[in-house]
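A.B. asks: Below is one structure. I have some questions about it.
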Amino acid sequence: MSPLRDVLNKLLSGCFICQYAYPELHRQLRNAEFAEGVENALAPLGRKLATLGEPEAPDTYFARFIDFSEPVDRDAATAQLVELRDQIRPCLDFIRLINRAGRSETCLAPGDTISFADMLDSIENHPTYRTQLWDLSGYDFFSKSKSGKDNNDRLKLVLRALADAGYIVKRNSESANYVATGKMGYVHTILAWIAEYNSLSLDVSTSEPHDGEHQGGLNL
């Protein structure tokens, strides 16, 4: 498959192309001529190439709708927003967990590493973290973790759900550790906009969920 076709397939399927998830395609998109070719191919499909990061050297590439004049585009955009809405709260609660159990002050920005061994060790030795891990299964997004027979299994299933959704990627095929991708950066961008619009705090290390927040996505 040609690089152009590969990029288009991934962008149109909702992927976020960054140096961690798709390093070779990300390198290709840094080429202005190649990026222009992608733009030209997306335009007839009602999409354009969007980026995160510095304009001259973007960290992440994704496709966004040019406008919503076509009903099919409005429906697709609505479906994407609903999916994102229902994933933001689970992602936030996972970030709170890694912020504590992962022995890190990270907010899980693109490129940040999740150490499976460090997280599991903390969860095994702290009942509070263990409860937080098991509580994640209350979300539809992490519901498969209910089948885990122990903390090891549950943590693996939670991480797999995040990886399947494109928020993290394995550091390499032999590693149990993960790296946050550009899609997580997109979530942080959305959260920053929500926080500014609603005058909310995004201190994920200290804030706790309130009643009614655990299901149904993000309550504002």
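For (1) modelled with pLDDT of 95 or more; (2) in a loop (DSSP other than H, G, I, E, B); (3) touching a Gly at 6+ places or on another chain (Cβ under 7 Å); (4) farther than 14 Å from Pro90 by Cα, each residue gets a yes or a no:
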| position | (1), (2), (3), (4) |
| --- | --- |
| Ala176 | no, yes, no, yes |
| His188 | no, no, no, no |
| Trp193 | no, no, no, yes |
| Glu208 | no, yes, no, no |
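A.B. asks: Looking only at region 13-50, which residues are without any contact (Cβ under 8 Å) to a residue 12 or more places away in the chain, over 24 Å from Asp164 (Cβ atoms) and either basic (Lys, Arg) or not in a loop (DSSP other than H, G, I, E, B) (or both)?
C.D. replies: Just the residues of region 13-50 that are without any contact (Cβ under 8 Å) to a residue 12 or more places away in the chain, to begin with: 13, 23, 27, 31-33, 36, 39-40, 44.
Adding the requirement that they be over 24 Å from Asp164 (Cβ atoms) leaves 27, 31-33, 36, 39-40, 44.
Within region 13-50, Arg27, Ala32, Glu33, Glu36, Glu39, Asn40, Pro44 qualify.
A.B. asks: Inside region 145-168, can you point out the residues that are farther than 18 Å from Leu97 by Cα and either surrounded by 12 or more Cβ atoms within 10 Å (Cβ to Cβ) or of a type in the set (Asp, Glu) (or both)? Please lay out each step first, then the result.
C.D. replies: In the first step, residues of region 145-168 are kept if they are farther than 18 Å from Leu97 by Cα; the result is 147, 149, 164-166.
Result: Asp164, Ala165, Gly166.
A.B. asks: Can you say whether Ala76 is of a type in the set (A, V, I, L, M) and crowded, with 17+ Cβ neighbours inside 10 Å, as far as the supplied structure shows?
C.D. replies: Values: of a type in the set (A, V, I, L, M): yes; crowded, with 17+ Cβ neighbours inside 10 Å: no.
Criteria not met by Ala76.
A.B. asks: Follow-up. Among the numbered criteria (1) touching a residue at least 24 places away in the same chain (Cβ under 8 Å); (2) in contact with an Asp or Glu (Cβ under 7 Å, 6 or more places away or on another chain); (3) farther than 22 Å from Lys156 by Cβ, which single criterion is violated by Asp73?
C.D. replies: (2)
A.B. asks: Of a type in the set (Gly, Ala, Ser), within 19 Å of Thr113 (Cα to Cα) and at pLDDT below 95 - does that describe any residue in region 151-172?
C.D. replies: Taking every residue of region 151-172 in turn, none turns out to be of a type in the set (Gly, Ala, Ser), within 19 Å of Thr113 (Cα to Cα) and at pLDDT below 95.
The values are calculated or read from the model by the stated rules, or taken from the named source; none is laboratory data. Predicted model, so just to flag it, every value in this text is computed and none were measured. Methodologically, a virtual Cβ is constructed for each residue, glycine included, from the backbone with ideal geometry; neighbour enumeration extends over all protein chains shown.
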